[in-house]
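Step one of this worksheet: look at the structure below.
The values are calculated or read from the model by the stated rules, or taken from the named source; none is laboratory data. All figures in this text were calculated on a predicted structure; none of them were measured in a lab. All Cβ positions, even for glycine, are placed from backbone atoms using ideal geometry, and neighbour counts span all protein chains on display. Note: areas computed on protein heavy atoms with side chains; ligands, DNA, RNA excluded. Shrake-Rupley method; radii C 1.70, N 1.55, O 1.52, S 1.80 Å.
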Amino acid sequence: MRPAPLHTDAVRVLTGWTAPDAGQAGVRDGFLDHLAAHPDGTWRECAPGHITASALVLDATGSRVLLTLHSKIKRWLQLGGHCEPGDATLAAAALREATEESGIPGLVLRPEPLRLDRHLVRCHPEGSWHLDVQYVAFAPSGARAEQSDESDDLRWFPLDALPEPTDDALRHLVAAARALDTP
């Protein structure tokens with residue numbers, strides 16, 4: 001059986017990604033091991049865990065970040081979520097999710113992931129893991145965000161003034177984004 005295009009893209013992206021440090025390299029290797037063991041590892045139905053795609057949306061200047069107060073998790077997070085059958089690539093999934101959850105057309109996604117994160121979620125009754133491939137997207141100048149049904153709130157924050165409650169994964173992602181040049 002031939003792997004699905006999204007699975008093939010996930011392996012390609014992760015294999016070609018240069019991790020910024022040994023910890024991230026270990027996470028990447030774990031994601032690749034998971035995909036080797038699970039041909040369905042990009043889909044929500046894969047109970048042991050599945051690849052997700054997210055995007056940290058920055059304003060056009062790169063000085064503010066758009067965060068969602070997730071309605072189920074009750075924490076401020078970057079935008080993103082599960083891959084869907086129409087997603088041909090991880091980058092396309094991250095851009096689709098960010099556009100849907102922000103209401104902002106014309107986001108510009110950096111083509112390579114910035115970080116990876118593995119976290120426990122309740123997608124299945126016994127629990128599951130999200131293997132999140134995290135990208136950065138820039139909003140066009142003057143973009144106005146519109147809150148989606150998945151969010152209790154959606155707001156712009158300065159990169160150096162993140163709201164609470166949040167988590168270390170978001171703080172690490174924002175720190176990595178601060179080192180980037182704007183598009």
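Express the accessible area of segment 1-159 per residue in Å², computed with a 1.4 Å probe while the remaining protein chains stay in the model.
Values: 7660 Å² over 159 residues.
I get 48 Å² per residue for this part.
Taking Cβ atoms as reference points and 11 Å as the exclusive limit, the residues near VAL121 contribute a net charge of +3, counting Lys and Arg as +1 and Asp and Glu as -1.
Calculate how many DSSP beta bridges within the chain are antiparallel, expressed in % of all such bridges and rounded to the nearest 5. The antiparallel fraction comes to roughly 75 percent. The residues packed around ILE73, meaning those with a beta-carbon under 12 Å from its beta-carbon, carry a net charge of +1 if Lys and Arg are +1 and Asp and Glu are -1.
Tell me, Kirkwood radius of segment 95-142 from alpha-carbon pair distances, in Å? Each step should come with its number before you reach the end.
On the way: mean 1/r = 0.0799 Å⁻¹.
Roughly 12.5 Å, rounded to one decimal.
For the chain, the relative contact order works out to 26 percent when only alpha carbon pairs closer than 8 Å and six or more residues apart are counted. Within segment 115-183, the trypsin sites (Lys or Arg not before Pro) that combine a DSSP coil assignment with at most 14 other C-beta atoms in a 10 angstrom radius are ARG122, ARG144. Only helical runs count toward this figure. For the chain, summing -39,500 (n - 2.57) over DSSP H runs of n ≥ 4 and dividing by all residues gives -9000 deg cm²/dmol at 222 nm.
In units of the rule-of-thumb radius 2.2 N^0.38 Å, the chain shows an alpha carbon radius of gyration of 0.97.
Considering only protein heavy atoms and a 1.4 Å probe, what is the carbon-and-sulfur percentage of the accessible area of the chain?
Carbon with sulfur: 54 percent of the solvent-accessible area.
Result for the chain in a Gaussian network model with C-alpha springs under 10 Å: among HIS82, HIS34, HIS172, the largest mean-square fluctuation is at HIS172.
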